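Student: Have a look at this one before I ask anything.
Nothing in this text is a laboratory measurement; each read-out follows from the coordinates by a stated rule. Please read all numbers here as calculations on a predicted model, not as lab measurements. Neighbour counts run over all protein chains shown; Cβ positions are idealised from the backbone, glycine included.
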Amino acid sequence: MALLPILRFPDPRLRRPCLPVTRIDDDLRQLAADMLETMYAAPGRGLAGPQVGALLGLFVMDPTWKEGTPSPRVCLNPEIVAASDETATREEGCLSIPGVPCLVTRPAEIALRWTDLSGVVLEERLTGFAATCAQHELDHLHGRLCIDLIDEPARVAASAALRVMAAGPG
């Protein structure tokens with residue numbers, strides 16, 4: 001396994017929609033293993049393909065490992081098949097936008113369908129932070145970032161940090 005470099009805002013690859021995964025092979029399994037290792041080392045709770053330069057419909061997540069209960073998931077071609085009308089507002093961080101927390105409102109509960117690395121289609125009802133995490137990572141697969149979902153006052157507050165990131169090192 002290997003740690004992968006995580007792309008940072010404003011890398012244009014973070015804004016590109018991903019292609020669906022069409023073949024599960026050893027290269028894809030290795031990518032997923034490397035993404036999990038990278039996510040844990042970061043330390044994050046989710047990581048999407050575009051964040052490591054892989055423009056594929058793939059994300060990994062483990063919303064509970066920091067509380068001592070690991071539950072890693074590799075989600076290929078994930079989709080939300082149901083969402084509650086009830087919403088929840090949570091602070092979200094992003095490994096591609098470090099130091100810029102975003103207060104985002106999303107459905108409080110979702111049903112997520114995805115294919116695993118064995119080719120099995122799974123569906124799970126997610127609530128709480130797991131629902132937020134899956135929605136955040138799924139947004140990455142569509143070229144959306146959490147900063148796109150914050151209100152105008154929060155965007156203004158984050159703009160200085162985003163300008164520094166856009167300017168790059170130096």
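Student: Run lengths n ≥ 4 of DSSP H only: what is the helix-derived mean residue ellipticity at 222 nm for the chain, with -39500 (n - 2.57) per run over all residues, to the nearest 500?
Tutor: Taken over the chain, the calculation gives -9000 deg cm²/dmol.
Student: Can you tell me the convex hull volume per residue for region 27-105, based on C-alpha atoms, in Å³ to the nearest whole number?
Tutor: 117
Student: Now, a different point. Which value, in debye to the nearest 20, gives the size of the charge dipole of region 30-81 about its Cα centre, when Lys and Arg are +1 and Asp and Glu are -1 at the Cβ?
Tutor: 80
Student: Mind jotting down a quarter of the surface of the convex hull over the alpha carbons of region 1-157, in square nanometres, one decimal?
Tutor: 9.0
Student: About the Cα centre, and with charges only on the beta carbon of Lys, Arg (+1) and Asp, Glu (-1), how big is the dipole of region 12-167? Nearest 20 debye, please.
Tutor: The calculation lands at about 420 debye.
Student: Can you work out the Karplus-derived ³J(HN,Hα) for every residue in region 138-151? Use 6.51 cos²θ - 1.76 cosθ + 1.60 with θ = phi - 60°, whole Hz, and x for glycine or proline.
Tutor: Coupling constants for region 138-151: 4, 4, 4, 5, 9, x, 9, 10, 4, 5, 6, 10, 8, 6 Hz.
Student: Let me ask something else. For region 8-54, with equal point scatterers placed on the C-alpha atoms only and solvent neglected, what are the log10 I(q)/I(0) values from the Debye formula at q = 0.14 1/Å, to two decimals?
Tutor: Rounded to two decimals, the profile gives -0.38.
Student: Next up: For residue 142 and residue 16, calculate 0.36 nm times their separation in residues minus their Cα-Cα distance, and state this gained length in nm to one decimal. Mind dumping the intermediate values first?
Tutor: Values: separation 126, 0.36 × 126 = 45.36 nm, distance 0.68 nm.
In short, 44.7 nm is gained.
Student: Additional query: Just going by the charge dipole of the chain, with Lys and Arg at +1 and Asp and Glu at -1 on Cβ, which of 119, 98, 40 is farthest out on the positive end?
Tutor: Selected residue: 98.
Student: Got a sec? How would 65, 114 order by Cβ neighbour count within 10 Å, fewest to most?
Tutor: Starting with the residue having the fewest Cβ neighbours, the order is 65, 114.
Student: Check the cysteines of the chain one by one and keep only those with no other cysteine Cβ under 4.7 Å from their own.
Tutor: Within the chain, the cysteines lacking a partner Cβ under 4.7 Å are 18, 75, 94, 133.
Student: While we're here: What ranking, highest mean first, results for peptides 117-127, 87-97, 9-19 when packing means the other Cβ atoms within 10 Å averaged over each residue?
Tutor: 87-97, 9-19, 117-127
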